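A.B. asks: Attaching a single structure in structure tokens format; questions to follow.
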Amino acid sequence: MRMTKLSSRFLSPVLMVGFAAAALHAQTTPAVVLPPTVEGDWVRTDENHSGSFGELTSSYKQAELTELGKTMLSRMAARPAPVAAENTPLRTGQPLVTNNRTCVFNQNQLGLEYDSEGFHSVMNKEHITFVQERGWQRIVYLDNRKLADSFVRSPTGSGYSVGHIEPNGTLIVETTDLTQGRVTAGGFRTPETRVKQEYIPAADGKNLKLVFTWSDPKIYVKPHVYEFTFERMEAGTFARETFCDATDPLWGQSIVPPPQQ
Amino acid sequence: MKRNSVFSAIFIFSLALVPHVLAQGPPPATPAAAFDPHDLSGYWDLGPDGRSVPNAVLAAGAGKATLQEMEDGDKISERWCRPLGIPAAMDSGRPIAITQGRWETMINFEANSSPRHIYFRREHVNPDIFDPSSVGDSIGNWEGDTFVVETIGFHDKNGRMMIPGGGFRTTKSKLVERFKLIRNGQMLSVTTTWTEPSVYQTPHTYEFRYTRIPGNYEPRPAVGCDPWDEERAAYVERTFSPALKKAAEAAVVKPGTEVSVKTGK
């Protein structure tokens, strides 16, 4: 379309004002470029293509324990045997019992080693809160407080955690005061054990690497290191609720195979 | 000579300032610390005088028999340690923790309850894919200095059903809460309105006022609850009628019982 002289005279200032307004708007409300952050919703990934819960960490380098560490680990009660043997095909309608304990609400303590459920995290200036979908939570303080001696508080499943954010968005967390128990890949922990967690978000914010370093000279010959990987859930995702319900006969039987063709 | 004149000048200048300083009187009171009315983050305690709850105007659908049924259902939930959900978790007897983040505000409880995720969105999750829950599906948006939270999608059984002031929650209940910082940010007002025509003749509104707990507060784990603890069960069921006790026992399938499962095609 050919522009008349009048319209071009009229439009030029209008366009200039428009450009100026756009530039001004761009200055006052700049395009939001978010730095990588651990905040948000994450689901764990199976980088090893193991294909089952039992195999997920089987390729991890096993912890090198001291004699005392081996003794303490051997004294822990064996985990309950799964109801269905690993990798055994289920009959039609036979439930896969993913949790063969009874439903007991146990004090709202989220563990450090997020399972296949993934996790959700929300951060403000003072702390970051992690939750999974079973109602458990964990807090990491970001306000420069120090880790207190382990005798100050009663040990918990979450322990006591302090952390800080690096300029690249990595969250560094130090934790102690954990209840005694097993650790992934043959590790063990006591309330005195310290673990460092590095939540390292990818530059594009879509993936997350979580590196664990367990240190306790009484238990480990050298620090026990391994990593989990996660991917960010899609925008618009939401947390579901896993309701610990003793009256629900299907609690813990989360997967029921449909009739096979 | 030059040094003396400098000292003299300073001395005279200082003397000149004395009346001015004295005229100011005592130092002014420390101004109240500024607070961000749009940041609800913190730990909040509901004190004994923090509840302003009128009696609800109930509809025909909330008759005496129905109310008794819902109350009994809550007792059975307590017996079996079912999580509290909304509204009970907002008044659990322990502080609530609000963390306001980038994409959501989360409320955590030092009680047996799922956390609340209040997403900064305009639309609810598609009900076709949302599983009803004890805390529902919450979205929150700011209207001036008030954070308005709308919740739908409540489960028909999970969570306590009874609502302060009378009435109960159903799957069709709509909850609107208006969070606002008052008293220089040291108090949080939460005005709660439940709407459900089969339960209430008019929307039922009440207000809780929570007091801010100092920043060095550290939340503690909730008290555990073991539904299989027989001594606890006997204590909890002490006030149950025989019929309610029977209903409570019938509500659960004992561990180890084989359950037949319907499967789809």
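A.B. asks: Using only the alpha-carbon atoms of region B:95-253 as identical scatterers, what base-10 log of I(q)/I(0) does the Debye formula give at q = 0.14, 0.15, 0.19 Å⁻¹?
C.D. replies: Values returned for q = 0.14, 0.15, 0.19 Å⁻¹ are -0.90, -1.01, -1.36.
A.B. asks: Going from the alpha-carbon gyration tensor of region A:104-254, what semi-axes, largest first and in whole Å, does one get by taking the root of 5 times each eigenvalue?
C.D. replies: Rounded to whole Å, the semi-axes are 24, 21, 16.
A.B. asks: What is the local net charge at A:Gln62, summed over the other residues whose Cβ is closer than 14 Å to its Cβ (Lys, Arg +1; Asp, Glu -1)?
C.D. replies: Within the 14 Å Cβ shell, the charges total +3.
A.B. asks: Give or take rounding to whole Å, what are the principal axis extents of the alpha carbon atoms in region B:145-218, in descending order?
C.D. replies: 42, 27, 20
A.B. asks: Once you average over the residues of B:120-127, how many Cβ atoms of partner chains fall within 10 Å of each Cβ?
C.D. replies: Values: counts 0, 2, 0, 1, 1, 3, 1, 0.
Counting Cβ atoms of other protein chains within 10 Å of each residue's Cβ and averaging gives 1.
A.B. asks: What aspartates and glutamates could a cross-link reach from A:Lys218, if we take a straight Cα to Cα line under 19 Å and drop same-chain neighbours fewer than 8 places away?
C.D. replies: Cα-Cα hits under 19 Å: A:Glu64, A:Glu67, A:Asp149, A:Glu174, A:Asp177, A:Glu192.
A.B. asks: Here's a follow-up. Under the definition of Cα pairs under 8 Å and six or more residues apart, what whole-number percent is the relative contact order of region B:44-184?
C.D. replies: Numbers: 245 pairs, mean separation 33.6, N = 141.
That works out to 24 percent.
A.B. asks: I need the shape label for region B:110-153. Rule: rounded when a/c is under 1.5, else prolate if a/b > b/c, else oblate, with a, b, c from the alpha carbon gyration tensor. Spell out each step's value before the answer.
C.D. replies: Numbers: a/c = 3.07, a/b = 1.22, b/c = 2.52.
It is oblate, given that a/c is not under 1.5 and a/b is not larger than b/c.
A.B. asks: Something else now. Counting Lys +1, Arg +1, Asp -1, Glu -1, what net charge surrounds B:Arg116 among other residues with beta carbon under 12 Å of its beta carbon?
C.D. replies: Neighbour charge sum, excluding B:Arg116 itself: -4.
A.B. asks: Tally Lys and Arg at +1 and Asp and Glu at -1 over the other residues with C-beta under 15 Å from the C-beta of B:Tyr200: what net charge comes out?
C.D. replies: Spelling it out: positives minus negatives among the neighbours equals +2.
A.B. asks: Let me ask something else. Go through B:184-190, B:109-115 and give me the packing order, highest mean Cβ count within 10 Å leading.
C.D. replies: Working: B:184-190: 17.1, B:109-115: 25.0.
Ranking the peptides B:184-190, B:109-115 by packing returns B:109-115, B:184-190.
Since every read-out is calculated from the coordinates, none of them should be taken as a lab result. Source: prediction; values computed, not measured. Please note: Cβ atoms are built from the backbone with ideal geometry, for glycine as well, and neighbour counts cover all protein chains shown.
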